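Q: Have a look at this one before I ask anything.
All of the numbers you see were taken from the coordinates with simple rules; none came from a lab. Since we're looking at a predicted model, the values are computed, not measured. In this analysis, Cβ positions are derived from the backbone assuming ideal geometry, glycine residues included, and neighbour counts consider all displayed protein chains.
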Amino acid sequence: MTFLKCIIIFLFGCNIKYSASASSKLGCRDHENKLVDWYVLYKIPKLSDSSEPLIRNGSGYMYITSNSIHKGWELSNKHIGDKKSIPGNTLAPLYNDKIAEDTLWVLYNDDPPDRSVVGTYGHTKGVVATDKNQGFWMIHSVPNFPPVPRKVYRKNLPTDISTQYPVLTNAANQVRIKDPPYNNKVIIKSSASLEFVSFAKSDKWQKDLYSDFVAPQLRSNILVESYLNGQGRLPSDCHGVKVHNIESIKLQAANFASSQDHSKWVVTETSKRNNSWICVGDINRADTQYNRGGGTVCLKLYDLWKNYRNSVNDIEPCPRRSLFNRIKSWFA
């Protein structure tokens, strides 16, 4: 199967209604409804002082696709809920019953529409869809998205497709991991043979995904953007490979604090040693997340890395160590 991945970043959810488009071929689609190998979106928070109407009303987003990466971040002229927006075009086949009934698709969200937050499941959000020939994986961090799932998982698992993907089918049926390993790293290739690295953990792993898994595996200091307003926030970690929390973002269309941001992404601090990684996921840096599953998917691509790295405005410095701990480290 050819599998296209749409790596999507949002900040805050909004009212979104999509309908099926004329084109039904599954895959990541751009504004012109053309297939692309991948894309990333950044939903801008509602900023009342912005000169951009879509940002003022909280529905603006910026994007980069595999075909437009040379242009950097671009502000869309469509609101995020438009059926002709990038996510609208991508998801449209799932809202056409004739197409959807022959497609394997799973919508998962721990904060689904019209239901209460499910805090005992994974802190995960996304969409997976395939028709045996190709498909997409959309990773996001939006509460109440996409529209109308009736529970944490809404799914369609045709037998002829689901038997080919037993692990995905088990996940859709909420079969829990009972035995170690409780964390996992997998390489996935896109239709253009671009390698993505998926990092995931279950609640039984009981560690921070970023400082205990992602940073050591990437062998690089990393900067992490995640939700800073929740309980159990973890400080920047400067023991060994450094993990800094991002405190504010600067984009051409808007500047904002991380406290306004619901996205979860990672960028390596420098591109030295060919380490220009960008990761997009769905779990926060907080000790409350030890008890929940989640993950992030990483891509090593310098031009994309440059756009994310340049968007980092301020980072949280390392906590000051006591004199005793500093002296102790000298003899370690």
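Q: Ignoring the sites themselves, what is the longest stretch of the chain with no GluC sites (Glu not before Pro) in a DSSP loop and at most 13 other beta-carbon atoms within 10 Å?
A: It runs 102-332.
Q: Something else about it: How large are Rg and Dmax for segment 208-299 when calculated on the C-alpha trace, in angstrom?
A: Looking at segment 208-299, its Cα Rg and Dmax stand at 12.7, 37 Å.
Q: Would you report the distance distribution of C-alpha pairs in segment 177-332 as whole percents per 5 angstrom bin, up to the bin with the largest distance?
A: That works out to 2, 9, 17, 21, 20, 15, 10, 5, 1, 0, 0, in percent per bin.
Q: I would also like to ask the following. What distance in nm separates the simple spin-label points at ASN229 and GLU32, each placed 7 Å from Cα in the Cβ direction?
A: According to this spin-label approximation, the distance is 3.8 nm.
Q: Now a separate question. Can you sort LYS178, LYS155, LYS125 by how many other beta carbons sit within 10 Å, fewest first?
A: Ascending Cβ contact count within 10 Å gives the list LYS178, LYS155, LYS125.
Q: Using the C-alpha atoms of segment 83-153, what convex hull volume per residue, in cubic angstrom, is computed?
A: Considering the Cα atoms of segment 83-153, their hull volume per residue is 94 Å³.
Q: Something else: What distance in nm lies between label points placed 7 Å from Cα along the C-beta direction at THR288 and ARG115?
A: That separation, rounded to one decimal, is 2.0 nm.
Q: Follow-up question, since we're still on this one. Kirkwood Rh and Cα-based Rg: tell me the resulting Rg over Rh for segment 29-144, rounded to two decimals.
A: 0.99
Q: Given the pairs LYS71/LYS132; LYS46/LYS84; LYS132/LYS204; LYS250/LYS300; LYS46/LYS306; LYS84/LYS242, which are separated by over 29 angstrom at their Cα positions?
A: Result: LYS71/LYS132; LYS132/LYS204; LYS84/LYS242 exceed 29 Å.
Q: Helix-only mean residue ellipticity at 222 nm, the chain, DSSP H runs n ≥ 4 weighted -39,500 (n - 2.57), per residue, nearest 500. What is it?
A: The helix contribution divided over the chain gives -3000 deg cm²/dmol.
Q: Please report HIS262, HIS239, HIS123, HIS70 as a ranked list, fewest other C-beta atoms within 10 angstrom at the top and most at the bottom.
A: Going from least to most buried by this count: HIS70, HIS239, HIS262, HIS123.
Q: I'm checking a number: the convex hull volume of the Cα atoms of segment 103-259, normalised per residue, in Å³. What is it?
A: Hull volume over Cα atoms, normalised by residue count, gives 166 Å³.
Q: Given Cα pairs under 8 Å that are at least 6 residues apart, what percent is the relative contact order of segment 54-129?
A: Taking the mean separation of contacting Cα pairs over the length of segment 54-129, I get 18 percent.
Q: Could you line up ILE222, ILE187, ILE69 from fewest to most neighbouring Cβ atoms inside 10 Å?
A: Least to most surrounded, the residues fall as ILE187, ILE69, ILE222.
Q: Can you give the Rg and Dmax of the chain based on its C-alpha atoms, in angstrom?
A: That works out to 19.6, 68 Å for Rg and Dmax.
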